[in-house]
Amino acid sequence: MNLPVVSVDAYRDFLAHHSDVTEEERARQLVALPECAEAAAALREYGALVVRDSRVSEREIQQFLELMEAYFGHEGKREDARPELSYQVGYTPAFTERPRPIPSGFAGEAPCTPVAASLEQTQRDPKERFFWRIGTRSGGTDFPELNAEPVVPSRFADCWARVLDTWGEHLLSTVTLVAEMVALGLGLSRTAFTDMMRDGPHLLAPTGTDLGKHGDRVGAVLAGFHYDLNFLTIHGKSNFPGLHLWSAQGQRFEVVVPPGCLLVQAGLQIEWLTGGIIRRGYHEVVVSEATQRAVEKWRAQHASGDEQTPRSGPWRVSSTLFAHIASDKWLRPLTRTTADDTTTAAGAAHYQPVRAGDQVRQELRAIDLAWTRA
């Protein structure tokens, strides 16, 4: 299965060339852009879409991935962990995050992730992660641990902020455009979502998994079946394949991100804000045949002399950003239920008002990331 590809270029170009018209007139013309309806429809049907952005730089992606490969492969990472901040900045060690169990009513194709009767029985993920804050933060918040100052690894201090900020700001810029397009495609105001994203705890969130240790067989789970707790997630291409998604109809498929494109996935916060019109996207990262072919190619390229294979690695690294609603904003459905919507009035009532920071805290507790004092 191939996800729909939607270009953000036409939308961005329209904004650039119509800055002199009123917001009302601009919104009227923007609604007519087919890309807005296509973006909203893709998230409703698949929980994800591929966006084409002519500004995507393969050089920037490669520079970012190479830096993160070097980081995940070096010793001394634990000094960068901040468990007292629920790991919301800095390093998260392997086997820390524990995915929620697969919902009992899940009717899609079976995941590779083992079914567990309770959260305590789910397997912790072998992936490692680094959270780096992107964008501005509000001056005051009731959720300081979700809006903490960034952590700079001492070994990489000379280039860390420059490389991560460059890639992270690019991803945030693109996903902000997508949020506007989706809002228009749903019949909302252009800034319905982005006004709530302003000063949000957006996180550049690369994951790293040692395929030398954890990628020895097809079907090995690198990140268990889960949904994202944030608003929208955006990725560039990972250096190794393995991400699998489920469509709204329950079909499981491996994602392929074409050159010059980015992947956007729906998180729990957009489900809340749309009253379930757009649902959170389920996914897992699993070693596939494509992953193993890429690993064998990597090993052949890195073998030298009497070494038949490298001593360690490779590391699978994702180039991911989690876009969030600002922590002190209230999550409540923004859309009105209509006869042709899949959401009913009873369903919309399910999404009771809650501050985004409280929603995030609840999710972090559920996956064993929230800090608890002994």
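Evaluate the stretch 27-48: report whether one residue or more is assigned to a loop (DSSP other than H, G, I, E, B) and modelled with pLDDT under 90. Yes, the stretch 27-48 contains a residue that is assigned to a loop (DSSP other than H, G, I, E, B) and modelled with pLDDT under 90. When we screen VAL178, VAL163, VAL151, VAL182 for residues that are in a loop (DSSP other than H, G, I, E, B) and in contact with a helix residue (DSSP H, G or I) (Cβ under 7 Å, 6 or more places away or on another chain), the only hit is VAL151. Pairs meeting the criteria (first residue in the stretch 74-89 and at pLDDT below 95, second residue surrounded by fewer than 18 Cβ atoms within 10 Å (Cβ to Cβ), beta carbons under 8 Å, at least 6 apart or on different chains) are HIS74/ARG155; GLY76/ARG155. Residues in the stretch 315-332 that are touching a His at 6+ places or on another chain (Cβ under 7 Å), in a loop (DSSP other than H, G, I, E, B) and either of a type in the set (S, T, N, Q) or within 30 Å of GLY212 (Cβ to Cβ) (or both): SER318 only. Of the candidates GLU97, GLU145, the single residue that is part of a helix (DSSP H, G or I), within 20 Å of the chain's Cα centre (by Cα), surrounded by 15 or more Cβ atoms within 10 Å (Cβ to Cβ) and in contact (Cβ under 8 Å) with a residue 60 or more places away in the chain is GLU145. Do you know which of the residues in the stretch 202-222 that are under 13 Å from the mean Cα position of the chain (by Cα) and farther than 16 Å from PRO314 by Cα is surrounded by the most Cβ atoms within 10 Å (Cβ to Cβ)? The selected residue is HIS202. Scanning the stretch 49-65 for residues that are outside any strand (DSSP E or B) and not polar (S, T, N, Q) gives ASP53, ARG55, VAL56, GLU58, ARG59, GLU60, ILE61, PHE64, LEU65. Taking the conditions exactly as written (modelled with pLDDT under 95 and among the aromatic types (Phe, Trp, Tyr)), does PHE64 satisfy them or not? For PHE64, the condition - modelled with pLDDT under 95 and among the aromatic types (Phe, Trp, Tyr) - is not met.
Entry remark, the stretch 10-32: residues being surrounded by fewer than 18 Cβ atoms within 10 Å (Cβ to Cβ), aliphatic (A, V, I, L, M), touching a residue at least 24 places away in the same chain (Cβ under 8 Å) and under 23 Å from LEU172 (Cβ atoms) number 2 in total. Once the stretch 115-132 is narrowed to residues that are touching a residue at least 40 places away in the same chain (Cβ under 8 Å) and assigned to a loop (DSSP other than H, G, I, E, B), the residue that is surrounded by the most Cβ atoms within 10 Å (Cβ to Cβ) is ASP125.
The values are calculated or read from the model by the stated rules, or taken from the named source; none is laboratory data. A quick note: this is a predicted structure, and the numbers were derived from the prediction, not measured. Cβ atoms come from the backbone with ideal geometry, glycine included; neighbour counts cover every protein chain shown.
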